[in-house]
Amino acid sequence: MANFEFVTSPAPTKDIKVGLGDGDLVKRSASTVSPPAKALTPVAKLIDVSKCIGCKACEVACLEWNDKRIPVGENVGSYDFPPDLTPNMFTVMRFTEWVNPQSQNLEWLIRKDGCMHCEDPGCLKACPAPGAIVQYSNGIVDFDHDKCIGCGYCVKGCPFNIPRISQVDHKAYKCTLCSDRVAVGQGPACAHACPTHAIVFGTKDEMKKHADDRIKDLKSRGFANAGLYDPPGVGGTHVMYVLHHADQPQIYANLPKDPHISPIVEVWKGLTKYAGLAAMGAFAVIGLVHHVVTGANRVSPEDEANAEKLTGGRP
Amino acid sequence: MTAYDVESGDQVHPGRPVTVDRYTAGARLNHWVTAICLVLLALSGLALFTPSLYFLTGLFGGGQWTRTVHPWIGVVLFVSFFGLFVRFWKANLWKAEDGTWMARMRDVLGGHEENLPEIGKYNAGQKVVFWAMSLLIIVLIVSGFAIWDQYFAQYTTIDQKRWAVLIHAMAAVTIICVWIVHVYAAIWVRGTISAMTKGRVTGGWAWRHHRKWLRELVSGKK
């Protein structure tokens with residue numbers, strides 16, 4: 001008998017039929033929504049960085065499903081292609097060559113970057129256009145391009161630098177977690193395409209459980225700091241990573257260690273908005289009250305007479 | 001030598017009542033272009049400032065159009081206000097009597113002109129409005145360029161854009177408050193608005209509110 005526990009992979013995606021609609025919204029940008037009568041089961045995509053071989057099948061599947069094309073690029077000195085997210089490329093494999101200071105081993109860290117689908121989405125908080133960004137009760141954060149005005153506020157709200165504004169139609173784009181597929185019981189295209197099952201999709205509970213098994217396995221292989229990336233600063237995310245070095249996420253192409261919505265954004269969308277409206281209202285009301293109390297400041301006939309005297313009274 | 005606060009075109013016409021030319025046609029046109037821009041900027045900016053005013057985007061043809069035209073109107077305002085600045089800056093320099101005027105704010109707000117020092121073409125309140133507008137417009141155009149993503153996205157970092165959007169919002173709120181003071185003062189002090197519509201005020205108005213300026217014009221005429 002082998003003395004290691006064999007960890008089975010779940011199917012690359014798990015069919016969860018949800019039929020996403022307006023009735024499933026828990027958050028809607030620049031609007032208030034009443035919570036849906038029946039909340040959907042939270043879903044999550046789990047990306048096991050330790051299993052990723054960097055083949056970019058997920059990128060191809062993403063382009064294919066979303067019917068996007070990107071121009072042929074140039075080598076920028078790394079395997080990253082395209083070198084960054086674009087309005088058409090919702091996911092990018094970020095390659096890092098990292099020398100582990102303990103083992104002196106070169107580790108090739110490959111992180112699939114893209115929208116994290118935060119439980120507390122900064123993009124949605126910043127968005128001024130009602131309904132342009134929505135969050136479904138299963139946790140998916142989605143952009144509604146008919147309502148997007150292209151202001152770029154989501155870019156400022158996002159703690160992960162994800163949304164990109166198209167210079168063609170001036171609207172914001174990012175990973176949808178294949179909400180259109182999930183709505184009809186299909187998993188995300190990237191998860192379907194992943195040949196090593198590094199990307200799996202299911203309910204968030206299932207994915208956490210699967211992550212636990214993976215982390216146990218990694219620890220048994222000497223990765224003492226293996227762990228799950230589900231950052232609490234943004235209320236957790238619906239895209240999670242299994243990291244072999246979860247204690248230092250920043251080595252994975254600057255994955256933030258403790259992401260949260262920037263306090264500048266919080267002040268802007270919070271205090272400034274209310275204090276600003278109050279200040280403008282107060283100035284208007286003070287003016288009105290002053291006029292009622294003091295009355296108009298009128299020029300008197302004596303003033304006119306004095307002016308005539310000063311100018312010599314000549315007609 | 002003409003006094004610091006006498007601007008080109010300022011002139012007294014003796015008669016009953018005395019009339020005083022206060023703003024040339026160029027100055028008035030310049031003012032109203034700026035004013036229209038400021039109002040349009042406030043409306044389009046407030047639409048994106050708070051969801052409760054998002055409906056104002058309808059005035060500009062929807063959200064996309066509001067986002068598109070707002071910065072351009074800002075550029076027009078900046079150029080237009082620069083014209084006003086060149087015209088008015090000298091007469092808005094701070095003078096000793098302005099401190100006294102400010103210290104007697106109670107009399108100012110009570111309409112007791114008899115307790116106030118004689119003042120030039122602009123009183124301290126007008127000067128504060130002028131310099132506040134000048135400063136805030138610079139802050140707004142600089143922070144505005146930092147968040148004008150259609151053309152200038154690549155010149156700033158995301159964190160700089162966050163600061164810019166916060167500063168832009170706070171400066172905009174402040175300038176709207178300054179604007180309310182400006183408009184209210186023009187309404188409260190009767191006889192003021194004709195200065196910017198017809199270009200002239202009555203001698204009595206000038207005697208009551210800007211006596212030093214009136215005396216300068218009269219003595220300059222002699």
*Rank B:Ser134, B:Phe145, A:Cys194 by how far each Cα sits towards the positive end of the charge dipole of the protein assembly as shown (+1 on Lys, Arg Cβ; -1 on Asp, Glu Cβ) and give me just the farthest.*
B:Ser134
_Inter-label distance, nm, simple model (7 Å from Cα along the C-beta direction), A:Val292/B:Val86_ = 4.6 nm
*Looking only at other chains, what is the average number of their beta-carbon atoms within 10 angstrom of each beta-carbon in B:159-169?*
5
*Under the classification rounded if a/c is under 1.5, otherwise prolate if a/b is larger than b/c and oblate if not, where does the protein assembly as shown fall, given a ≥ b ≥ c as square roots of the Cα gyration tensor eigenvalues?*
prolate
*Tell me, what ³J(HN,Hα) does each residue in region A:96-104 have, in order and in whole Hz, if you take phi through Karplus 6.51 cos²θ - 1.76 cosθ + 1.60 with θ = phi - 60° and put x for Gly and Pro?*
10, 9, 10, 8, 5, x, 6, 8, 6
*Any chance you could give the angle, 0 to 90 degrees and rounded to 10, that helix A:301-310 forms with the longest Cα principal axis of chain A?*
80 degrees
*When Cβ neighbours within 10 Å are restricted to other protein chains, what is their mean count per residue of peptide B:172-179?*
4
*Other chains near A:152-159: what is the mean number of their Cβ atoms within 10 Å of each residue's Cβ?*
5
_I need A:Cys148, A:Cys154 ordered by Cβ neighbour count within 10 Å, fewest first._
A:Cys148, A:Cys154
*Measure out, as a whole number of angstrom, how far apart the alpha-carbon centroids of region A:204-264 and region A:29-97 sit.*
17 Å
*Hey, what number do you get for the protein assembly as shown at 222 nm if only DSSP H runs of n ≥ 4 count, each worth -39500 (n - 2.57), divided across all residues, to the nearest 500?*
-13000 deg cm²/dmol
_Can you tell me the orientation of helix A:57-66 relative to chain A, as the angle in degrees between its alpha-carbon axis and the longest Cα principal axis, to the nearest 10?_
50 degrees
*asked:* What are the membrane-span-like helices in chain B by this rule: whole DSSP H runs, Cα extent along the axis at least 20 Å, mean Kyte-Doolittle hydropathy at least -1.0?
replied: B:25-49, B:63-88, B:124-146, B:158-188
*Relative packing of peptides B:105-118, A:175-188 - highest average C-beta neighbours within 10 Å first*: A:175-188, B:105-118
*Just flag the trypsin sites (Lys or Arg not before Pro) in region A:59-108 sitting in loop per DSSP whose Cβ has no more than 10 other Cβ atoms within 10 Å.*
A:Arg69
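No lab work stands behind these numbers, since they all come straight from the coordinates. Just so we're clear, the structure is a prediction, and the values are computed from it rather than from any experiment. Note that we place each Cβ from the backbone using ideal geometry, even for glycine, and neighbour counts take in every protein chain shown.
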